[in-house]
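Take this structure, written in structure tokens, and hold onto it; I'll ask about it next.
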Amino acid sequence: MATTYAVSAGGVANAVRLANKKLGEKQVPLMGILAAFVFATQMLNFPVAGGTSGHLIGAALVAILLGPWVAVLVMSCVLIAQSLIFQDGGLLALGANIFNMGIIAGFGAYYLYRLTGSLLGDNRRAKVVSGFIAAWGSVFLASIACAIELAVSGVLPIGVVLPAMAGVHALIGIGEGLITVAVLSLVLATRADLLKLQRI
Amino acid sequence: MNKKGWLIALLLCLAVATVSPLASSSPDGLERVAEDEGFIALAQEAPFVVIADYIFPGIENEAVATILAGWVGTVTLFGIVYGIARLIKSKKRTLAG
């Protein structure tokens, strides 16, 4: 737990440093809107199989539009507000939550998006397919990170917690992919210039 | 920059928060695993309460209380992150100059 707090604090500090160097005029309002969207959409749990629900993480969308370090910043703000104002997520788990849903999901999505983008090309369909893969992957990777943390903390053996977490989040990731692609399509249709911003 | 466009985007976010009472109340992925594997009890109560469980306090109708909590959070997050981003950006000039 202390480890994830330390890594997350370092990650946020570096995100602030890089944003200070590179943040442009156009990114500022978009960051605010994305934080508002991530918060609102995280409230919308959608049903997945077997009496279980899932909700958006949102780091993939932020990372695709503004880059992984901005995703770390935006997700940290959302997670801190959720734990302080809404008693959701927890104060003790905040470090792990920022690590999993900010750093792992943000960087995972960003590099998956770039990798699939370089394989599929630069057209609209490629962006949508890459967005889906990146968003699904971000949830899957974050759930694996969470499972490893639970195992290291001695809550459950890795052989039990890893398949359970990865299995249910492989389904939830489909929802993340669909929402991310829907928003990306909306942005492409109305403000395609926002996909050309420098990513931080 | 087009302020009207950002306002429309923020209204879209508020619209998302408005349908939040329709959200599934089933446990989410982590809660499901925590219940199935018996470690949900490890969670501790929050040391203080502001708008717990996304229910705005003092309102009888739960759907209305949820929508209000959603609006408060959505506007707050926009304000906080917009403010932080503006602050980080404006510090650049003072640091460089």
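The values are calculated or read from the model by the stated rules, or taken from the named source; none is laboratory data. Just so it is clear, the model here is predicted, and its values are computed rather than measured. A quick note on method: Cβ atoms are made from the backbone with ideal geometry, for glycine too, and the neighbour counts reach across all protein chains shown. We work out accessible area using only protein heavy atoms, side chains counted, and drop any ligands, DNA or RNA first. Shrake-Rupley method; radii C 1.70, N 1.55, O 1.52, S 1.80 Å.
Just checking the output field for A:20-32: average partner chain Cβ neighbours within 10 Å of each residue's Cβ?
6
Return one number: the angle in degrees, 0 to 90 and rounded to the nearest 10, between the long axis of the Cα atoms of helix A:105-120 and the longest principal axis of the Cα atoms of chain A.
Helix A:105-120 sits roughly 50 degrees off the main axis of chain A.
For helix A:27-42, report the angle its Cα long axis makes with the longest principal axis of the Cα atoms of chain A; keep it between 0 and 90° and round to the nearest 10°.
40
Any aspartates and glutamates with Cα under 16 Å of the B:K89 Cα? List them, leaving off those in the same chain fewer than 8 positions away.
By straight Cα distance, B:K89 reaches A:E25.
Also, quick follow-up: By the gyration tensor of its Cα atoms, with a ≥ b ≥ c the square roots of the eigenvalues, what is the shape of region A:1-69: rounded for a/c under 1.5, prolate for a/b over b/c, or oblate?
Because a/c hits 1.5 or more and a/b fails to exceed b/c, region A:1-69 counts as oblate.
Counting pairs of alpha carbon atoms under 8 Å apart in space and at least six apart in sequence, what relative contact order in percent does chain A give?
Dividing the mean separation by the residue count of chain A yields 25 percent.
Same structure, new question: In degrees, nearest 10, range 0 to 90: what is the angle between the Cα axis of helix A:158-190 and the longest Cα principal axis of chain A?
Here the helix axis deviates by roughly 20 degrees.
For the full complex of protein chains and a 1.4 angstrom probe, list B:V50, B:V16, A:V72 by accessible area with the highest value first.
The ranking, largest first, comes out as B:V50, B:V16, A:V72.
Per the helix-only calculation at 222 nm, which mean residue ellipticity applies to the protein assembly as shown, given -39500 (n - 2.57) for every DSSP H run of n ≥ 4 and division by its residues, nearest 500 deg cm²/dmol?
Rounded to the nearest 500, the figure is -23500 deg cm²/dmol.
Taking accessible area as the heavy-atom solvent-accessible surface of the protein chains with a 1.4 Å probe, which residues of region B:40-80 lose no less than 40 Å² upon going from the isolated chain to the full protein assembly?
Residues of region B:40-80 that lose at least 40 Å² of accessible area once the other chains are added: B:F48, B:I51, B:Y54, B:L77, B:F78.
Excluding same-chain residues fewer than 8 positions from A:K127, which aspartates and glutamates have a Cα within less than 17 Å of its Cα?
A:E176, A:D193
Please sort by residue number the trypsin sites (Lys or Arg not before Pro) in region A:162-200 whose DSSP state is loop and whose Cβ has at most 15 other Cβ atoms within 10 Å.
Taking region A:162-200 and a limit of 15 other Cβ atoms within 10 Å, the loop trypsin sites (Lys or Arg not before Pro) found are A:R191.
Let me ask something additional. Under DSSP H, which helices of chain B have Cα atoms covering 18 Å or more of the helix axis and a Kyte-Doolittle average no less than 1.0?
Both cut-offs are met by B:3-18.
Using a 1.4 angstrom probe and counting only protein chains, how large is the accessible area of A:T52 in Å², to 10?
10
Moving to a separate point now. Based on the alpha-carbon gyration tensor of the protein assembly as shown and its eigenvalue square roots a ≥ b ≥ c, which shape applies: rounded if a/c is under 1.5, prolate if not and a/b is larger than b/c, or oblate?
Rounded shape, in that the Cα axes give a/c under 1.5.
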